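**Student:** Here it is: the structure, laid out below.
The values are calculated or read from the model by the stated rules, or taken from the named source; none is laboratory data. Remember, it's a predicted structure, so these values are computed and weren't measured experimentally. Quick reminder, even Gly has a Cβ in these numbers, built from the backbone with ideal geometry, and neighbours come from all protein chains shown. Only protein heavy atoms, including side chains, enter the accessible area calculation; ligands, DNA and RNA are left aside. Shrake-Rupley method; radii C 1.70, N 1.55, O 1.52, S 1.80 Å.
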Amino acid sequence: MPELAVIGGGQLARMMQQPAIALGIGLRLLAEGPEVSAAQVVVDHEVGDYADLDTLRRITADVNVVTFDHEHVPPAHLRALQESGVACRPGPQALIYAQDKGDMREKLSELSLPAPAFTVVDPARDGDEAARDALVEFGAEIGWPFIVKTTRGGYDGKGVWTVASAADLDQPFAAVTASGARLLAEALVDFRRELSAQVARRPSGQIVAYPVVESRQRDGVCVEVTAPAPDLDARIAAEATAIATSVAEGLDVVGMLAVELFETQDGRVLVNEFAMRPHNTGHWTIDGAATSQFENHLRAVLDLPLGSPVPRQPWAVMVNVLGGSVTDLVTQRAVALAAEPDVHIHLYGKEVKPGRKVGHVTATGDDLDDVLRRARRSASILTDGEETP
């Protein structure tokens with residue numbers, strides 16, 4: 001009998017399979033389609049709709065614990081599963097803050113954690129005119145431009161706008177008219193760089209923290225992660241880890257938690273967003289840490305003792321492989337391995353589309369410049385068949 005059900009068939013679920021095999025953990029997967037990333041490697045899988053309660057009941061019928069590749073399962077369904085004796089980890093009381101950015105911001109404020117100034121408006125409830133007036137007032141108070149996001153559904157730069165005037169509000173309002181979602185407005189942060197702090201937490205309360213990393217974004221998509229973040233002041237590293245720990249404990253998160261942060265030009269740390277699952281900024285841990293984020297996620301949700309998050313080498317660099325001119329990744333894999341045989345390649349089994357995350361590479365070592373060069377070269381060969389200068 002499988003020990004754990006996983007809802008969602010993306011690359012995060014796919015990367016849970018390898019440590020599950022090593023630990024002898026049986027996984028059962030609910031996938032969105034027969035050829036999605038995780039369905040290609042998890043034998044015990046069913047294709048179905050995660051928003052259908054009967055399907056969720058069937059997939060968890062003889063499983064004690066369920067976890068997630070994404071945060072989109074309706075909270076009411078998760079509560080129903082809990083009432084039937086299935087442990088949801090993380091649970092609906094935590095996941096609601098990952099599902100809705102407005103709820104997240106309000107909870108961070110309640111926990112007194114540092115974040116950009118914000119306001120939330122609800123056009124469906126209050127009407128477009130009143131909601132627009134509230135955002136114009138927000139701009140007058142904190143200054144233009146500022147950031148507007150849909151509170152639900154946005155990711156990788158989607159559902160996010162920089163607005164410099166009232167006229168720029170037309171696009172975000174049009175985007176939420178059909179969905180009925182709210183809009184979150186945030187101050188535009190003058191940041192030096194983006195950081196990510198990850199912790200794993202068991203139901204018993206044990207927590208382990210990974211080194212704080214630096215992430216680089218392009219068009220709202222993570223392209224590169226360096227672990228640990230170079231030249232990071234010890235005070236800022238400690239504060240970032242303390243924030244992640246406070247979120248995990250304050251929201252009763254079980255499993256992996258990634259808190260994305262801004263390091264500001266004046267030396268502060270502000271929370272951007274968080275995710276209650278393994279996260280792109282932690283993919284380096286597969287090859288660069290004593291225990292990967294995927295193994296510790298499985299350990300945490302099954303309430304097993306957590307593994308060490310200590311890095312294996314001084315530096316690790318993860319570069320995402322985004323869809324480019326190379327369409328046959330299997331053939332190109334040999335070219336990349338010949339060029340950089342010590343770089344670890346992870347392919348997700350996805351059809352190549354422009355800008356789509358189809359894999360990642362990780363290099364490790366004791367010379368950061370060399371590690372960066374090798375990781376970027378390998379990813380470039382897999383993306384465009386060319387080497388980064």
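**Student:** Do we have any residue at all in the stretch 233-253 that's in contact with a Pro (Cβ under 9 Å, 6 or more places away or on another chain), closer than 27 Å to residue 321 by Cα and in contact (Cβ under 8 Å) with a residue 12 or more places away in the chain?
**Tutor:** Within the stretch 233-253, not a single residue is in contact with a Pro (Cβ under 9 Å, 6 or more places away or on another chain), closer than 27 Å to residue 321 by Cα and in contact (Cβ under 8 Å) with a residue 12 or more places away in the chain.
**Student:** Name the strands (runs of 3 or more DSSP E) wholly within the stretch 1-94 that hold at least 3 residues that are open to solvent by less than 30 Å² (accessible area, probe 1.4 Å) and of a type in the set (Val, Ile, Thr)?
**Tutor:** In the stretch 1-94, 65-68 are the strands (runs of 3 or more DSSP E) which contain 3 or more residues that are open to solvent by less than 30 Å² (accessible area, probe 1.4 Å) and of a type in the set (Val, Ile, Thr).
**Student:** Of everything in the stretch 160-187 that's open to solvent by 20 Å² or more (accessible area, probe 1.4 Å) and touching a Ser or Thr at 6+ places or on another chain (Cβ under 7 Å), which residue is modelled with the lowest pLDDT?
**Tutor:** Looking at the filtered set, the residue picked out is 175.
**Student:** Looking at (1) out of contact with any strand residue (DSSP E or B) (no Cβ under 8 Å at 6 or more places or on another chain); (2) of a type in the set (A, V, I, L, M); (3) within 24 Å of residue 10 (Cβ to Cβ), which is the one condition that is false for residue 111?
**Tutor:** Of everything listed in (1) out of contact with any strand residue (DSSP E or B) (no Cβ under 8 Å at 6 or more places or on another chain); (2) of a type in the set (A, V, I, L, M); (3) within 24 Å of residue 10 (Cβ to Cβ), residue 111 misses just condition (3).
**Student:** Hey, could you check the stretch 305-334 for residues that are open to solvent by 70 Å² or more (accessible area, probe 1.4 Å) and out of contact with any strand residue (DSSP E or B) (no Cβ under 9 Å at 6 or more places or on another chain) and say which is farthest from residue 27 (Cα to Cα)?
**Tutor:** 325
**Student:** What residue, of 139, 127, is closer than 12 Å to residue 185 by Cα and more than 28 Å from the chain's Cα centre (by Cα)?
**Tutor:** None of the others qualify; the one that does is 139.
Every residue, every condition in (1) touching a residue at least 40 places away in the same chain (Cβ under 8 Å); (2) more than 17 Å from the chain's Cα centre (by Cα), yes or no:
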position: 14; (1), (2): yes, no
position: 17; (1), (2): no, yes
position: 25; (1), (2): yes, yes
position: 58; (1), (2): no, yes
position: 64; (1), (2): yes, yes
position: 75; (1), (2): no, yes
position: 83; (1), (2): no, yes
position: 94; (1), (2): yes, no
position: 112; (1), (2): no, yes
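**Student:** Same structure again: So if I check each of 291, 285, 264, which one is at pLDDT 95 or above, of a type outside the set (Lys, Arg) and in contact with a strand residue (DSSP E or B) (Cβ under 6 Å, 6 or more places away or on another chain)?
**Tutor:** Answer to the check: 264.
**Student:** Working only within the stretch 190-212, note down all residues that are at pLDDT 95 or above, within 30 Å of residue 141 (Cβ to Cβ) and not basic (Lys, Arg).
**Tutor:** Hits for the stretch 190-212 are 191, 194, 195, 196, 197.
**Student:** One residue is enough: does the stretch 342-350 have a residue meeting the conditions within 23 Å of the chain's Cα centre (by Cα), aromatic (Phe, Trp, Tyr) and open to solvent by less than 30 Å² (accessible area, probe 1.4 Å)?
**Tutor:** Yes, the conditions are met somewhere in the stretch 342-350.
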